[in-house]
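Below: the structure, in structure tokens.
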Amino acid sequence: MSADAQKRHAGEAAALRVEAGMVVGLGTGSTAAWFVKALAARGLEGLRCVPTSEATAELARELGLTLSTLEDTPRIDLTVDGADEVGPGLALIKGGGAALLREKLVWEASARCLVIADKAKVVPVLGAFALPIEVVAFGHKTTANRIADVLADHDIAMPARVRMAERGLVRTDGGNLIYDAKCAAIHDPVRLADDLKLITGVVEHGLFLDLADEAIIGTDDGFDLLTP
Ligand SMILES: O=C[C@H](O)[C@H](O)[C@H](O)COP(=O)(O)O
């Protein structure tokens, strides 16, 4: 069976965790899209949804979900979102879809965070997926040099590369750039997260540590549950 079917199983199982009247954070990406569709199909009364990207907002709007913002609903009951890697203790790499900053803002405003993913995302050590780092566009090449220094300090020799699309530099919803750092293996995610945050010009990084309360991992015939 395909990864897409596993993502659907996880998304549908997560939608059953939502109750009428909740404020729900909507993640970004292909797995989160399955959740958004399944949630809309439930037709629960009184839901308010805070999307983590313009793409998710558009999908949710099309499906008739009621949208809100972090400004209007700063307290979120439950956020459901995908991940690029799910490591030990539910440490995550996120940001493959360039939504990491809004995602982290929504996650941190949430009473409970549920990560949904297909089986291939579960890894023994984070780092095979290139770590996304969101950087302000002004002076980004000098910021990239400082990022390279930090990576070298973590025995990561490859400098991070700016993310490109067919039509040029990828811009986040906030207008920033993404650098992707091929780490291979991140041995000390807490220290790397702290060191990256200290760099002037870095807005956020895709390490989500101590944020996920539970993971629903889609399988071919259902799903498995993981806790930190
Ligand atoms: O920026 C994007 C997000 O962090 C996504 O949740 C992540 O990239 C996983 O996406 P997908 O479910 O499409 O693999």
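How big is the C-alpha Rg of region 16-163 next to the rule-of-thumb value 2.2 N^0.38 Å, as a ratio? Before the final figure, lay out the partial values.
Details: Rg = 16.9 Å, N = 148, 2.2 N^0.38 = 14.7 Å.
It is 1.15.
Of all chymotrypsin sites (Phe, Trp or Tyr not before Pro) in region 85-156, which ones are in loop regions per DSSP and have a Cβ with at most 10 other Cβ atoms within 10 Å? Mind showing how you got there, number by number?
Details: sites: W107, F129, F138; in loops: F129, F138.
For chymotrypsin sites (Phe, Trp or Tyr not before Pro) across region 85-156 that sit outside H, G, I, E and B with at most 10 neighbouring Cβ atoms in 10 Å, the list reads F138.
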**Request:** Report the GluC sites (Glu not before Pro) located in region 1-100 that are in a DSSP loop and have at most 12 other Cβ atoms inside 10 Å of their Cβ, or state none.
**Result:** E45, E71
**Prompt:** Which trypsin sites (Lys or Arg not before Pro) from region 4-85 combine a DSSP loop assignment with at most 10 other Cβ atoms within 10 Å?
**Reply:** R75
**Complete:** Rounded to whole Å, √(5λ) for the Cα gyration tensor eigenvalues of region 77-228, largest first, gives 26, 17, 14
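Just list whichever of K94/K121; K121/K141; K94/K182 have alpha carbons separated by over 22 Å in the model shown. Each step should come with its number before you reach the end.
Working: K94/K121 11 Å; K121/K141 31 Å; K94/K182 14 Å.
Beyond 22 Å: K121/K141.
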**Fill in**
Footprinting proxy, D77, D149: sorted fewest to most Cβ within 10 Å, the residues are D149, D77
**Item:** Antiparallel %, DSSP beta bridges [both residues in the chain], to 5
**Value:** 50 percent
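Counting residues in region 131-199 as N, plug N into 2.2 N^0.38 Å and put the Cα Rg over that result. Show your work: numbers first, answer last.
Numbers: Rg = 11.9 Å, N = 69, 2.2 N^0.38 = 11.0 Å.
Its radius of gyration relative to the 2.2 N^0.38 Å reference: 1.09.
Normalised by the number of residues in region 131-199, what is the relative contact order in percent for Cα pairs under 8 Å and 6+ residues apart? Walk me through the numbers before you get to the answer.
Numbers: 83 pairs, mean separation 27.6, N = 69.
The value is 40 percent.
Any read-out appearing in this document is the output of simple, stated calculations on the displayed coordinates, not a laboratory observation. Note that the coordinates shown come from a computational prediction; the quantities given were computed from them, not determined experimentally. Glycine gets a Cβ as well: all are built from the backbone with ideal geometry, and neighbour counts include every protein chain shown.
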